[in-house]
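Note sheet for the following structure.
The values are calculated or read from the model by the stated rules, or taken from the named source; none is laboratory data. Just so we're clear, the structure is a prediction, and the values are computed from it rather than from any experiment. Here the Cβ is made from the backbone with ideal geometry for all residues, glycine too, and neighbour counts use every protein chain on show. With ligands, DNA and RNA removed, areas are computed over all heavy atoms of the protein, side chains included. Shrake-Rupley method; radii C 1.70, N 1.55, O 1.52, S 1.80 Å.
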Amino acid sequence: MNRTLTCILCPNGCELEVVYEGNEVQSVSGNKCPKGAGYAEQEIKNPMRNIASSVKLEEGSMPLVSVRLTGPIPKAKIMDVMAEIRSASVTAPVKIGDVVIADVLGLGVDVVATRNVGRRS
Amino acid sequence: MNTIKKQVVIIGGGPGGLAAAVKLKKAGVDDILILEREHELGGILRQCIHDGFGLTRFGETLSGPEYAQRFIDEVKALGIEYKTDTTVIGLTKDKKVTAVSRDGLMEYQADAVILTMGCRERTRGALSIPGERPAGVFTAGVAQTYINLKNKMVGRKVIILGSGDIGMIMARRMTLEGAKVEAVFEIQPYPSGLPRNIEQCLNDYGIPLFLSHTVTKIKGHHRLEAVEVSQVDEKLNPIPGTEKEYECDTLILSVGLIPENELSLMAGVELDPRTKGAIVDEFCQTTVPGIFAAGNVLHVHDLVDFVSLEAEKLADAVARFVKEGLPKAEITVETAGFVGYTVPQQITGDADVILSFRPRKPMRDKYIDVYQGETLIASKKYVKLLPAEMEKIKIPAEKMVSGANIKVVTRDE
Ligand SMILES: Cc1cc2nc3c(=O)[nH]c(=O)nc-3n(C[C@H](O)[C@H](O)[C@H](O)COP(=O)(O)OP(=O)(O)OC[C@H]3O[C@@H](n4cnc5c(N)ncnc54)[C@H](O)[C@@H]3O)c2cc1C
Ligand code: SF4
C-alpha cells in the first residue's frame with residue numbers, strides 16, 4: 001500500500017511517500033534526512049507524539065506552569081495522559097526541568113516543567 | 001527630564017532583542033539597554049508552550065518558554081541592563097528614545113537603536129463580517145494568552161477562521177483541554193500555515209480544514225451562538241447558495257500577523273509595502289542610519305530560530321557600526337514573478353549575501369533565478385515553495401561585479 005505522510009520532526013515538513021505492507025515499511029522517499037525514514041516506520045507501526053500543556057500551580061506568581069513530556073508517547077494515550085496532567089498540581093517555586101509527574105501512566109516518560117515560576121509575593 | 005546616553009538601545013525584549021543583546025555584548029559593546037513593555041522578558045514565546053522551537057539554533061526541540069529562558073539566562077549572566085514594564089513611546093531619526101514606566105518619562109540618546117518590537121495579529125476580514133458583535137470572538141494569540149498564561153478557557157465549541165500556525169496550534173491546545181474544535185476555514189485555496197502543523201494539530205485530532213471557505217455571518221446576542229460559512233470563488237467572493245451554519249460559542253481568528261512599526265514610522269524609517277516592515281540592507285540597517293531592525297518587526301517569521309539568527313547577524317553589524325561605521329548599500333534587490341519579497345532589499349555587493357524570501361503562492365519544481373543586470377548570478381531549484389515557509393538563496397560576492405541592481409524571479413524549467 002502507499003501513503004503520503006508529512007514528517008513532523010523538523011520544520012522542513014518533508015512529504016514522505018511510503019510503500020508498506022501491513023506493519024512492514026518497504027520504502028520511504030521524499031525525506032531530506034534519515035530521520036524521516038524512522039518517522040515513517042514509527043508512523044505506520046505505532047504513531048508517537050509529544051504533548052505540551054499546563055499544570056495548576058499553588059502559591060505561584062502565575063496560576064499555571066507550562067509542562068511537556070520528556071519523550072513521545074503513543075498517540076492513542078494522549079487523552080489519558082492529559083487527564084493525569086489536568087488532575088496534577090504543584091507548589092511554587094518551580095524550575096525548568098522539575099519533574100511534575102514521574103513515569104506518567106507507566107509510559108516511561110516524565111511530565112516536566114518548561115518554565116521558571118517563583119512564589120507569589 | 002535629563003537625557004541618558006547609551007551606546008545601543010534595544011526596543012523589545014523578545015527573542016530578537018535578547019539574541020541581539022547577547023551577541024553585541026560578546027562583540028565587545030558594553031553600554032546596552034533593553035526596554036521591554038511587559039513585566040517579563042521573552043516576548044511572544046512566553047505563551048507558546050508547545051515544543052518544536054530550537055532545532056536549528058540549539059539542535060534540540062524546546063518549548064517557547066525554555067527557548068526564551070536560554071537567552072534570558074545569558075542576558076543576566078552577562079550583566080546586560082534591561083528595564084521591563086517600560087514602553088517606548090517615541091523615537092526620532094537622531095536616535096532619541098522616549099519611554100514610560102511607573103517611574104515616569106525617560107529619555108535616552110543612543111548611537112544606535114535596534115528595533116525588535118515583534119508583530120501583532122491581524123483582525124482583517126473579521127471586522128467586516130456582518131452580524132452582531134457577541135462575546136466569544138478572539139484572535140488566536142489572545143486565546144493563547146488566556147489559556148496558557150491566565151488559566152481561562154475561552155470556550156467549548158470552537159470554529160477557527162484562518163489556517164495560520166497559531167490558529168492550528170490553538171486548535172490542538174483547545175482539543176487537549178476538552179473543547180470540541182469543529183473545523184478550520186481558510187479563504188485562500190491553500191493553507192497559510194506549515195504542513196507539519198496541519199498534520200500534528202489538525203489531522204491528529206480529526207479536525208477538518210476547508211479551503212476556499214470563509215465566515216460570512218456572526219450570530220448571537222450576548223455570547224456567540226453560531227457562524228454562517230460560505231464557499232468562495234477565485235476572486236475570494238462568497239458564492240451565494242453555499243451558506244452553511246455551524247453552532248459554536250467561540251470563533252478564533254488566525255488571519256495573519258503584521259509587523260508593529262509605529263515607532264519606526266515616527267523616526268522616518270521607510271517601510272516596504274510587501275513585508276510591512278522596514279526596508280533594510282544586509283546589515284539589517286533601515287533607511288535611517290543607525291536604526292536597525294530584526295525579527296518579526298522586520299518581516300514575519302514562522303520560526304523563532306531564524307529570528308535569533310537574524311538578530312545575531314544584526315548585532316555583528318551594529319558592533320561594526322559603533323566602532324568603525326558601515327559601507328553604503330547601493331544595490332537594490334527587486335522581485336518579479338511569484339517572488340513575494342526579499343529581505344534585505346538593499347545590498348553592498350561587497351560580501352556574500354543570503355536573501356530571505358517568500359513565494360506569493362504554493363508552487364512545485366520551480367527555479368529561483370537571481371540576475372544582476374542581464375547576468376544570471378545565482379539559481380536554485382526548489383521542489384516545493386509555500387507562502388507559509390520562508391526560503392533563502394545565497395548570492396556569492398564574486399558574482400556581483402557590475403554594481404547594477406539585482407532581480408529575483410521564478411522560472412518553470
Ligand atoms: C501569537 C503568536 C504565536 C507564535 N507562535 C510561534 C510558534 O509557535 N513557533 C515559532 O517558531 N514562532 C511563533 N511565533 C512567531 C514568533 O513571534 C517568533 O518566533 C518570535 O517570537 C519573534 O520574536 P521577536 O523578538 O521578533 O518578537 P516578539 O517575541 O513579539 O517580541 C517583541 C517584544 O517587544 C516588546 N515591545 C513591542 N513594542 C514595544 C514598545 N513600544 N516598547 C517596549 N517593548 C515593546 C513586546 O512586548 C515583546 O516582548 C508566534 C507569534 C505570535 C504573534
Ligand atoms: S525528513 Fe528529516 S528534514 Fe525532512 S522533516 Fe523529517 S526530520 Fe526534517
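Using the structure shown, decide if B:ASP165 is surrounded by 15 or more Cβ atoms within 10 Å (Cβ to Cβ) and either free of Cβ contacts under 8 Å to residues at least 12 places away in the same chain or within 16 Å of ligand 2 (Cβ to nearest atom) (or both).
Values: surrounded by 15 or more Cβ atoms within 10 Å (Cβ to Cβ): yes; either free of Cβ contacts under 8 Å to residues at least 12 places away in the same chain or within 16 Å of ligand 2 (Cβ to nearest atom) (or both): yes.
Yes; evaluated as a whole, the condition is true for this residue.
Of all the residues that make up the stretch A:1-30, how many are more than 10 Å from chain B (Cβ to nearest Cβ), closer than 15 Å to B:VAL383 by Cα and in contact with a helix residue (DSSP H, G or I) (Cβ under 6 Å, 6 or more places away or on another chain)? Spell out how you get there, then give the answer.
Keep residues of the stretch A:1-30 that are more than 10 Å from chain B (Cβ to nearest Cβ), which gives A:1-4, A:16-29.
Those left that are additionally closer than 15 Å to B:VAL383 by Cα: A:16-17, A:29.
Those still in the list that are in contact with a helix residue (DSSP H, G or I) (Cβ under 6 Å, 6 or more places away or on another chain) too: A:16.
Summing the residues that are more than 10 Å from chain B (Cβ to nearest Cβ), closer than 15 Å to B:VAL383 by Cα and in contact with a helix residue (DSSP H, G or I) (Cβ under 6 Å, 6 or more places away or on another chain) in the stretch A:1-30 gives 1.
Determine which member of the set B:VAL142, B:VAL184 is surrounded by 24 or more Cβ atoms within 10 Å (Cβ to Cβ) and away from every other protein chain (no Cβ under 14 Å).
On the way: B:VAL142 fails: surrounded by 24 or more Cβ atoms within 10 Å (Cβ to Cβ).
B:VAL184 is the lone residue from the list that is surrounded by 24 or more Cβ atoms within 10 Å (Cβ to Cβ) and away from every other protein chain (no Cβ under 14 Å).
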inquiry  = Report every pair of residues separated by at least 6 positions or lying on different chains whose Cβ atoms are under 8 Å apart, first residue within the stretch B:1-19 and within 22 Å of B:ASP305 (Cβ to Cβ) and in contact (Cβ under 8 Å) with a residue 12 or more places away in the chain, second aromatic (Phe, Trp, Tyr) and surrounded by fewer than 24 Cβ atoms within 10 Å (Cβ to Cβ).
reply    = B:GLY13/B:TYR82
task = Could you tell me whether any residue of the stretch B:273-283 is open to solvent by 10 Å² or more (accessible area, probe 1.4 Å), under 30 Å from B:VAL142 (Cα atoms), in a loop (DSSP other than H, G, I, E, B) and within 16 Å of ligand 2 (Cβ to nearest atom)?
result = no
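Here is a yes/no grid of residues against (1) at pLDDT 95 or above; (2) surrounded by fewer than 16 Cβ atoms within 10 Å (Cβ to Cβ):
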| site | (1), (2) |
| --- | --- |
| B:ALA336 | no, yes |
| B:THR342 | yes, no |
| B:ASP352 | yes, yes |
| B:GLN372 | yes, no |
| B:ILE377 | yes, no |
| B:LYS380 | yes, yes |
| B:MET390 | no, no |
| B:LYS394 | yes, yes |
key: Selection within the stretch B:227-268 - over 18 Å from the mean Cα position of the chain (by Cα), surrounded by 17 or more Cβ atoms within 10 Å (Cβ to Cβ) and under 18 Å from B:ILE11 (Cα atoms)   = B:ALA267
query = Looking at the stretch B:48-67, which of the residues that are within 9 Å of chain A (Cβ to nearest Cβ) and part of a helix (DSSP H, G or I) is surrounded by the fewest Cβ atoms within 10 Å (Cβ to Cβ)?
reply = B:GLU66
Index of the failed condition, A:LYS32 passing every other in (1) open to solvent by 40 Å² or more (accessible area, probe 1.4 Å); (2) free of Cβ contacts under 8 Å to residues at least 24 places away in the same chain; (3) more than 16 Å from B:GLN200 (Cβ to Cβ); (4) away from ligand 2 (no atom under 11 Å from the Cβ) = (4)
inquiry  = Exactly one of these conditions fails for B:VAL215: (1) touching a strand residue (DSSP E or B) at 6+ places or on another chain (Cβ under 6 Å); (2) buried (at least 17 other Cβ atoms within 10 Å of the Cβ); (3) under 25 Å from A:ASP80 (Cβ atoms). Give me its number.
reply    = (3)
ask   = Where residues in the stretch B:189-208 are more than 8 Å from every other protein chain (Cβ to nearest Cβ) and within 20 Å of B:LYS157 (Cβ to Cβ), which of them is nearest to ligand 2 (Cβ to nearest atom)?
value = B:CYS201
